[in-house]
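These notes are about the structure you will find just below.
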Amino acid sequence: MAQRGIREFDAKRMLARLLPEYLNDFNYKGEVALAGPDTDLDGMAAENLWLTKKKLVVKPDQLFGKRGAHGLVLLDATWQQARKYIEEKMGSEAVVGNTAGMLTHFLIEPYIPHEEELYVAISSDYEGDNIFFSTEGGVCVEEKWDQVARIHVDTLKGIDKADLLSRMPASLGDRKEQMARFVEALFKFYSECGFAYLEINPFTLVDGSIIPLDMVAKLDDAEEFWCRKKWGDLEFPEPFGRSLSPEEQYIKDIDAKTGASLKLTILNPRGHVWTMIAGGGASVIYTDTISDLGFAGELANYGEYSGDPNTEETYHYTKTILDLMTREKDPRGKILLIGGAIANFTDVANTFKGIVMALREYRVKLKEHGVKIYVRRGGPNYEEGLKLMRRLGTELGVPIEVFGPETHMTRIVPLALKEA
Amino acid sequence: MRENYSLFDRNTQSFVYGYQVNAIQRMLDFDYISRRETPSVAAIINPSRAGIHKVFWGTREILLPMYRTIPDAVAKHPQVDVMVNFASHRSAFETTMEAMDQDSIMTVAVIAEGVPERQARIMAATAREKGKTIIGPATVGGLVAGAFRIGNTAGTIENIVASRLYRPGCVGFVSKSGGMLNEAFNIISRNSNGIFEGMAIGGDRYPGSTMLDHILRFEANPEIAMIACLGELGGEDEYRIIEALKAGKITKPLVAWVTGTCATMLPGSVQFGHAGAKADTEKETARAKNQAFAEAGAHVPNSFDDYGDVVARVYQMVKEQGKVKEFAEPDVPTIPVDYGKALSTGLIRRPTTFICTISDDSGEELLYAGKKISDVLEQNMGIGGVIGLLWFKKELPDYASRFIELVLQIVADHGPAVSAAHNSIVASCAGKDLISSLASGLLTIGPRFGGAIDDAAREFKMAYESGLTPEQFVTEMKRKGINIPGIGHRIKSVKNPDMRVQLLISYARKNFARTDLLNYALQVESITTAKKGNLILNVDGCIGILFLDLMSSCDIFSKQDIDDVVKHGYLNGLFALGRSIGMIGHILDQKRQGARLYRHPTEDINYMLPTPEE
């Protein structure tokens, strides 16, 4: 559960669909189309008649900004030009900041010639929400940050108590009221539709109507239960440059179905240090210790399971990791750290049962790849769990070193890495 | 009255929202080894059921009241000022807000993970406005050593004893991570005189109370000599502590470590397990925070590995300064091991009350007499085969299974007028449900109705085995004045034979190796029918006798097995089973028709009461 970026495509569709509930004269039509790797462009043009009738803008829609500065925005294009552009760029690599990634999704919308660029953004912090508004929007808004009006909205008092009208920049002239109403509606949209961040930079006015030109939004995915309907069919794409491997996707799918938590991020599939750590807090500390000892580059994955997963879940989780770590041989052998703090209520023996099942299945491969396993855990039924692991080592003929709460939590890290 | 720096003491009582039987028992076990006088849980709030719940208080059982709503509980227990809220992420917000609306509730611990950020912020702001405290969401909670434990904090009783949490030490600890709380208790108890209070605020972005909130309480609490905290990358909570340090609001020595130093070394951005654990700016990185802590005068280890060493060093320092109170270690009462746990670890044993030798549902797949249900189906064992497994614990040869099925089909129904069907119809017409109506019919099965199968089998078997000739048997029975069971039919006779009997006999002749008892019975029949045409071997007698022939001609049954069948009334079971099919049919038939209550016509009853003179 966390804040998750959504595509500009989805943000604009939501705005067009839902903002009129808060602002009845908002008439932005939400003419947007998204081209992905499998999109049938002819079909898309047939469904969205405006595509072939209007001049268009095309830009990648993959959760990164400054697209203009990276030369990735096509302006004032015909459908034929837009099409050609998408077909050329689709699947090609782009470098944004320090991140390289593949271009896979493009937003297409009508090209709006404009001069005026306004800026509005809403973010949240511990004390409340903050609205930022400026008539000097666009790519350079940060350079003119002193001209941005910042309106704080108290969490409990809400927007009705914030005197928006008086806080609107004087430069708006007779449009102050219109903008105040827009900002108020946008705020309600933000707070009632599960947003954690929203930025429209810039937006402009065409014949008095507000048109968003560029949008960035994050949702709080914990709101799903309440906002599923408002969100419609949107998806949460991975950050640019990170696509989920099938294994990561598999664990993510299991995670989504259970009350427990299962996380897997592959950092370096050729690394020879693999981890399976119980607990959100402990997993970070193990990772810290590994990188403190200079093995960050050798760390193959970040992995965490917690919230009392059942035997079946830990079995599938372990199998996934064992499968990954026994694909390529490493002359140094491999290390698997099965660590964790002293659990509060997770039944250690039960979670270990699933791990043991998977290890048993991989007996031959574990030996072939020279895998050494280090275990450290405490908590309910830990004696039983550790006993299972010790017995397993003898049974499989795989070296398994087992430690309980009397050994410092991360002690197994130097023990394991010294041998590496 | 409690000081306002203290959320819980040895008299604090709480409501547990949610029927969390394990957590409740853990809280009470903690109370017991802390030698509290009253249980820390005054009542349970369970939206689906009011009533009582039984818990252990040491070895004794006590009752906790259970209410459906928070106001109900509050009205009955005005002294309670804490709610431990186990509501799911879907209802954590509304229940917490409702609890904070109650004047008497001052602290709510919210356990649920996945509470939306806006809801969390509203809860936090409401608590601040009302001067109340929220711990969580997304946390295991926290505890005050020897006084009060929230839910599952600190895990098992063994762990609580190992970390000496049943009595107060002098260290105040706070972390984000609930999972690390227990580990920290362990580390701190090894490196000092132990925990006074330990809290986990939860790993979400907007916790209801911050680490600083708790640290300021620790600062104000004279029982606490030193403070330890464990932060995390992401967010700015740690900077609030650092500001307070710089401003001189924290004067007690503070051991601080921020985890997540690895983040800058890893490729790309990893979302760690906690929602809040992600550095969006350089300032939010673990390295920056640790450095800022050190600069502000906190005791910062080189890595988490040294956390315990630094705690030990600071503890020695405050001890030398005379800030640590000396106390004698109290005795710890032992908590009896839970029966289930002791049994599963082989510590104790107990004789069982029941033995079951026919089926087993305790494994991965249901077994009938050791045979997997999937094999039963795969091998098409049928109802006859299943009866073989569950009644005889044997795999019957095919012809035997089919014989049983033949019997079941034959006895399945005999029209609406016979006792069982009639009774079930009358019960059904009286508006009784299917099972009651069926039971009403089944209860007629006995010596006069249906029960002839058993009796016939027994009498014929006894006569045959004791070597009586058919003539001797008939004479003997006549002398005793007993009608031979299994002989005689109301309508059928030699000239008008019973089709069902014919079918059974021809099946047996074709499939059984021997039919000794049948042959004997037919000799008896030839004697009785010579006297009267309707004294034929009837269907009950035929089933009972053929079943014994089946068993003695099939080498999987011993003599003992055959004796058991007669002795225990297996054969009436066969009748009851088969006839249930018909009875259920009759009952459903009546229900479909919407049949009304049946009352027997009075003209059909001869009222013959004693006259007054008599």
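The values are calculated or read from the model by the stated rules, or taken from the named source; none is laboratory data. Keep in mind it's a predicted model, so treat the numbers as computed, not measured. Every residue, glycine among them, receives a Cβ derived from its backbone with ideal geometry; neighbour counts consider all protein chains shown. Surface areas here come from the heavy atoms of the whole protein model, side chains and all, with no ligands, DNA or RNA. Shrake-Rupley method; radii C 1.70, N 1.55, O 1.52, S 1.80 Å.
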Give the residue that is modelled with the lowest pLDDT, with candidates limited to residues of region A:348-360 that are within 14 Å of chain B (Cβ to nearest Cβ) and open to solvent by 10 Å² or more (accessible area, probe 1.4 Å).
A:Asn350
Within region A:361-383, identify whether any single residue is of a type in the set (S, T, N, Q) and either open to solvent by 50 Å² or more (accessible area, probe 1.4 Å) or in a strand (DSSP E or B) (or both), and answer yes or no.
no
In region B:80-101, which residue that is open to solvent by 30 Å² or more (accessible area, probe 1.4 Å) and under 22 Å from B:Glu129 (Cα atoms) is farthest from the other protein chains (Cβ to nearest Cβ)?
B:Glu98
Residue identified as among the small types (Gly, Ala, Ser) and either open to solvent by less than 10 Å² (accessible area, probe 1.4 Å) or out of contact with any helix residue (DSSP H, G or I) (no Cβ under 8 Å at 6 or more places or on another chain) (or both) among B:Ser6, B:Ser34, B:Ser104
B:Ser34
If A:Gly340 satisfies all but one of (1) free of Cβ contacts under 8 Å to residues at least 60 places away in the same chain; (2) open to solvent by less than 10 Å² (accessible area, probe 1.4 Å); (3) under 16 Å from A:Ile400 (Cα atoms); (4) within 10 Å of chain B (Cβ to nearest Cβ), what's the number of the condition it fails?
(1)
Yes or no: region B:462-481 includes at least one residue that is touching a residue at least 12 places away in the same chain (Cβ under 8 Å) and within 30 Å of B:Ser424 (Cβ to Cβ).
no
Considering region B:107-117, residues that are within 11 Å of chain A (Cβ to nearest Cβ) and in contact with a strand residue (DSSP E or B) (Cβ under 6 Å, 6 or more places away or on another chain), and then whichever is surrounded by the fewest Cβ atoms within 10 Å (Cβ to Cβ), we arrive at B:Glu117
Given the criteria under 29 Å from A:Lys229 (Cα atoms), among the aliphatic types (A, V, I, L, M) and within 14 Å of chain B (Cβ to nearest Cβ), does A:Val153 qualify?
yes
Would you confirm whether or not region B:131-145 contains a residue that is surrounded by fewer than 22 Cβ atoms within 10 Å (Cβ to Cβ) and within 13 Å of chain A (Cβ to nearest Cβ)?
no
I'd like to know if region B:177-195 contains one or more residues that are away from chain A (no Cβ under 12 Å) and without any contact (Cβ under 8 Å) to a residue 60 or more places away in the chain.
yes
For the structure I just gave you, tell me whether B:Asn572 is assigned to a helix (DSSP H, G or I), without any contact (Cβ under 8 Å) to a residue 12 or more places away in the chain and either open to solvent by 60 Å² or more (accessible area, probe 1.4 Å) or out of contact with any Pro (no Cβ under 9 Å at 6 or more places or on another chain) (or both).
no
I need the full set of residues from region B:506-518 which are more than 17 Å from B:Glu405 (Cβ to Cβ) and in contact (Cβ under 8 Å) with a residue 12 or more places away in the chain, in order please.
B:Ala513, B:Arg514, B:Thr515, B:Asp516, B:Leu517, B:Leu518
Filter pass, A:Ala217 being in contact (Cβ under 8 Å) with a residue 40 or more places away in the chain, more than 19 Å from A:Ile321 (Cα to Cα) and either among the small types (Gly, Ala, Ser) or within 9 Å of another protein chain (Cβ to nearest Cβ) (or both)
yes
Is it true that some residue in region A:272-291 is within 11 Å of chain B (Cβ to nearest Cβ), assigned to a strand (DSSP E or B), aromatic (Phe, Trp, Tyr) and touching a Ser or Thr at 6+ places or on another chain (Cβ under 9 Å)?
no
Could you count how many residues in region B:304-328 are open to solvent by 20 Å² or more (accessible area, probe 1.4 Å) and within 14 Å of chain A (Cβ to nearest Cβ)?
4
Within region A:384-413, count every residue that is in a loop (DSSP other than H, G, I, E, B), on the phi < 0 side of the Ramachandran plot and away from chain B (no Cβ under 13 Å).
2
B:Ile487, sole failed condition from (1) more than 15 Å from B:Ile536 (Cα to Cα); (2) in contact (Cβ under 8 Å) with a residue 40 or more places away in the chain:
(1)
Only one residue in A:Leu299, A:Leu293, A:Leu267 is hydrophobic (A, V, I, L, M, F, W, C), touching a Gly at 6+ places or on another chain (Cβ under 9 Å), over 15 Å from A:Glu313 (Cβ atoms) and open to solvent by 10 Å² or more (accessible area, probe 1.4 Å), so which one is that?
A:Leu267
Members of region B:9-24 that are under 26 Å from the mean Cα position of the chain (by Cα) and either surrounded by fewer than 16 Cβ atoms within 10 Å (Cβ to Cβ) or among the acidic types (Asp, Glu) (or both)
B:Val21, B:Asn22
Test B:Phe173 against the criterion of being within 14 Å of chain A (Cβ to nearest Cβ), in contact (Cβ under 8 Å) with a residue 40 or more places away in the chain and crowded, with 24+ Cβ neighbours inside 10 Å, and give yes or no.
yes
Just to be sure before I move on: is A:Glu88 surrounded by fewer than 15 Cβ atoms within 10 Å (Cβ to Cβ) and within 14 Å of chain B (Cβ to nearest Cβ) in the structure I sent?
no
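Results for (1) touching a residue at least 12 places away in the same chain (Cβ under 8 Å); (2) surrounded by fewer than 16 Cβ atoms within 10 Å (Cβ to Cβ); (3) aliphatic (A, V, I, L, M), shown as yes or no for each residue.
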| site | (1), (2), (3) |
| --- | --- |
| B:Lys371 | yes, no, no |
| B:Ile387 | yes, no, yes |
| B:Lys393 | yes, yes, no |
| B:Phe403 | yes, no, no |
| B:Ile410 | yes, no, yes |
| B:Gly415 | no, yes, no |
Here are some residues: B:Ala508, B:Ala530, B:Ala521, B:Ala513. Which one is over 19 Å from B:Asp563 (Cα atoms) and open to solvent by less than 10 Å² (accessible area, probe 1.4 Å)?
B:Ala508
Enumeration of residues in region B:238-252 that are open to solvent by less than 50 Å² (accessible area, probe 1.4 Å) and not small (Gly, Ala, Ser):
B:Glu238, B:Tyr239, B:Ile241, B:Ile242, B:Leu245, B:Ile250, B:Lys252
If we keep only residues of region B:148-164 that are open to solvent by less than 10 Å² (accessible area, probe 1.4 Å) and under 31 Å from the mean Cα position of the chain (by Cα), then the residue nearest to the other protein chains (Cβ to nearest Cβ) is B:Gly155
Yes or no: B:Leu216 at pLDDT below 90 and surrounded by fewer than 21 Cβ atoms within 10 Å (Cβ to Cβ)?
no
Residue satisfying condition, being at pLDDT below 90 and touching a strand residue (DSSP E or B) at 6+ places or on another chain (Cβ under 9 Å), within set B:Gly235, B:Gly297, B:Gly273:
B:Gly273
